[in-house]
1. Report the net charge of residues surrounding A:N128, where surrounding means a beta-carbon distance below 13 angstrom and charges are Lys +1, Arg +1, Asp -1, Glu -1.
2. Please identify every one of the trypsin sites (Lys or Arg not before Pro) in the stretch A:181-254 that sits in a loop by DSSP and has no more than 14 other beta carbons within 10 Å of its own beta carbon.
3. Compute the distance in nm between two label points, each set 7 Å from the Cα along the Cα-to-Cβ direction, one at A:H568 and one at A:E220.
4. Straight-line reach only, C-alpha to C-alpha below 16 angstrom: list the lysines that A:K534 could link to, leaving out same-chain residues fewer than 8 apart.
5. Distances longer than 54 Å among the Cα atoms of the protein assembly as shown: what percent of all pairs is that?
6. I'd like the FRET efficiency for A:N185 and A:Q340, computed as 1/(1 + (r/R0)^6) with the beta carbon distance as r and R0 of 45 Å, rounded to 0.05.
7. How much of the accessible area of the protein assembly as shown, in percent, comes from carbon and sulfur atoms when a 1.4 Å probe is used?
8. Can you list the residues of the stretch B:1-35 whose accessible area drops by at least 30 Å² going from the chain on its own to the full set of protein chains, with a 1.4 Å probe?
Amino acid sequence: MELSGAEIVVQFLKDEGVEYVFGYPGGAVLHIYDALFQQDDVRHILVRHEQGATHAADGYARATGKPGVVLVTSGPGATNAVTGIATAYMDSIPLVVLTGQVPTPFIGSDAFQEVDAVGITRPCVKHNFLVKRREDLALTLKKAFYIATSGRPGPVVVDIPKDVTDPNVRIPYEYPREVKIRSYNPVVKGHPGQIKKAVDLILQARRPMIYAGGGVILSEASAEFTEFARALGYPVTLTLMGLGAYPATDRQFVGMLGMHGTYEANMAMHECDVLIAIGARFDDRVTGKVAEFCPHARIVHVDIDPASIAKNVKVDVPIVGDVKNVLADMTRELRARKQQPDGEALKQWWARIDEWRGRNCLQYDRHSKLIKPQFVIEKLYEVTGGDAYITSDVGQHQMWTAQFYKFDQPRRWINSGGLGTMGFGMPAALGVKLAHPDATVACVTGEASIQMCIQELSTAMQYMLPIKIVNLNNRYMGMVRQWQEFFYESRYSHSYLEALPDFVKLAESYGHVGLRIEKPEDVEGALREAFGMKDRLVFLDFITDQTENVYPMIAQGKGHHEMELAPHCTAPQSGERELA
Amino acid sequence: MRHIISLLMENEAGALSRVAGLFSARGYNIESLTVAPTEDPSLSRMTLVTTGSEEIIEQITKQLNKLIDVVKLVDLTEGAHIERELMLIKLRAPDAERRAEIKRLADIFRGRIIDVTDSTYTIELTGDGDKLDAFIGAVGEGAIIETVRTGASGIARGTRSLHL
Ligand SMILES: Cc1cc2nc3c(=O)[nH]c(=O)nc-3n(C[C@H](O)[C@H](O)[C@H](O)COP(=O)(O)OP(=O)(O)OC[C@H]3O[C@@H](n4cnc5c(N)ncnc54)[C@H](O)[C@@H]3O)c2cc1C
Ligand SMILES: Cc1ncc(C[n+]2csc(CCOP(=O)(O)OP(=O)(O)O)c2C)c(N)n1
Ligand SMILES: [Mg+2]
């Protein structure tokens, strides 16, 4: 088959099984857009801002496990995409981002709309390429998809100069089915000796704790993980990125850990004697003060990226490998042992954890005349039967969703954890909805975050993507306001949003349905009404209590045992020791 | 601790900037860095001299290994190794007395005089960094017009080697 560079790009995407490309045209990619126009297999979703394209592709990837694909023009197209690329990079999400570039003879001449896309994106991609010859296009694209999706996934940028896609020059094309890269061979199988050592340690534990993260989801290993945890009967905590890897409604789940995790999860971390870390990267929002992190524990750490191991915290038994393989091997090894976990010790440990649980750290005022944001999320959980795909933006609303929506399945909770990108939620929801047209998809957001990519309401209309937007409108950058209240003596410097739009009218002007809800008793009805409108995007503007804070909280630089509970939280139960 | 890390990487445009970018982005020290193609033109060999605690050096080697363009890597400091650096140094040599003295020092340090004018000598000298420093000390700073040092390159002693 003889194809032009532009046709190779499109034909390759088709051969690679790409359903959707999220993009925005411009001079440097017009040849590719012309090739897209002449076929129907690869569907192009036209966003309203390149950041939206990257987030939508990212949402698609998080909801499916398949790589998200983006196409943008050179210069401002590429720079607008950077925030979304960095977002995917921090959370290890597979994306392939095609950026147009000025023609090769102009590179380096400050040509019109020229930026060094490879240079700009280098620190926030897994890898990137500049394709200088059309003969290299197909293989480079194959490498890009392979690198993005294998090992620890991540975004890969392919920068394509305009002359490389010239429609008038044709060369032979064959889809490269496989690719080998001599310098890139991720380790997927865990070392058998290390697995034995880990199992030894796991069986010796008297106060064990399983701490798992996004790696379990990325590895499609929820089933193996659940089996492993159930076989042991040990408590499970998950990071923000791991939610859904283990059913939140299960008794063994003690909630999220970290800055806004549960009291029981963090106290158990502080007191555990063996920590089993699986596909989690000891982020500072999780560890708190590293010097006081799990002071009594010996640590097993399973991660596919050797650089994640012993980066922030020293570990005793490192295992490099794919979570899915390693867990299967560990469960097999466990079953082959005669020794069982110490039942009596475990019983006492659970009793202690249940005392912590008894503090009921997530309680909030249920009698308020104002809408409490937590209440909205509880109702959202009820109304959607706990079965929706929920995306979120960044702020207090994100934390409340993580705390109050009980995710029982992986890939249902879609949020920007590592970069914390406001503006992520709504475009991500569009990507999710395209991937799962029959599923219920909602975006929980705040009035500040939603305005960072509000223009994508127009994309939602163009492609008829009936997501539901749950805006927890507290008229504040709530998360910023909370820090200012706690740490800056309530000096609310630039965290109040004046001149907010009328979100109902705004939604209507884009052709959607808008609802404003101001009273607690109207919350459930509005949600039911909105989710009943199967084919409409509904923007639910919940006017919530402005002063609500996210609890519990570990202030930055504090240890897990220094968690602060909400002022109204239940006093310690009798018998519970105060901890050092 | 000072470490000499040797790596083989794809001889591709941009590979060097990935390494340099990694060091600046993660705040690692970099004392010197040399790079040139090997007998296999598809590969470059880089020698990096860096300092840091054991934990930092471990992260540096892991992060370097993680770069897609890096094919293989070894921390030479972990075993016996040889380290060499080349220095070209231009010295003031205005009179017979100075010229004789420089010649004598060059002989002691096994350097070679590679260029001469009526007022200067240019000397080529190889060795480890300490030896080059010692030579600079011996000639005295006042005598120096210009120095060029390549930064260290290194190779393991014995049969151990870094190759594909
Ligand atoms: C406002 C805000 C508040 C936050 N508060 C909290 C909080 O209270 N608690 C909390 O937990 N987080 C919180 N976060 C998120 C936090 O910043 C980190 O994003 C998160 O903790 C990282 O999760 P993780 O450790 O699961 O790592 P991820 O970023 O999900 O990384 C996954 C790890 O798994 C590895 N991996 C990937 N694939 C595989 C595989 N196939 N096999 C093996 N390993 C694999 C990767 O190498 C990596 O080490 C907050 C974020 C924001 C924006
Ligand atoms: C792009 C970007 N800019 C700034 C921030 C810092 N930031 C974190 S949360 C937050 C406020 C979010 O406000 P809102 O969306 O209303 O959510 P709320 O906290 O009120 O629920 C800000 C400004 C960020 N995370 N992302
Ligand atoms: Mg707000």
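1. Numbers: positive: A:R122, A:K126, A:K143, B:R18; negative: A:D116, A:D159, B:E12, B:D69.
Overall, the nearby charge balance is 0.
2. Numbers: sites: A:R182, A:K189, A:K196, A:K197, A:R206, A:R230, A:R251; in loops: A:R182, A:K189, A:R206, A:R251.
Qualifying residues, ordered by number: A:R182, A:K189, A:R206, A:R251.
3. 4.6
4. Leaving aside lysines fewer than 8 places away in the same chain, those within reach of A:K534 are A:K433, A:K468.
5. Numbers: 50106 of 276396 pairs.
Everything past 54 Å amounts to 18 percent.
6. On the way: r = 38 Å, r/R0 = 0.84.
Taking R0 as 45 Å, the efficiency between A:N185 and A:Q340 is 0.75.
7. On the way: 15760 of 30910 Å².
Exposed carbon and sulfur together represent 51 percent of the surface.
8. B:E10, B:S17, B:R18
The values are calculated or read from the model by the stated rules, or taken from the named source; none is laboratory data. Bear in mind the structure is a predicted one, so any value in this text is a computation, not a measurement. Here the Cβ is made from the backbone with ideal geometry for all residues, glycine too, and neighbour counts use every protein chain on show. Please note that ligands, DNA and RNA were not included when accessible areas were found on the heavy atoms of the full protein model with its side chains. Shrake-Rupley method; radii C 1.70, N 1.55, O 1.52, S 1.80 Å.
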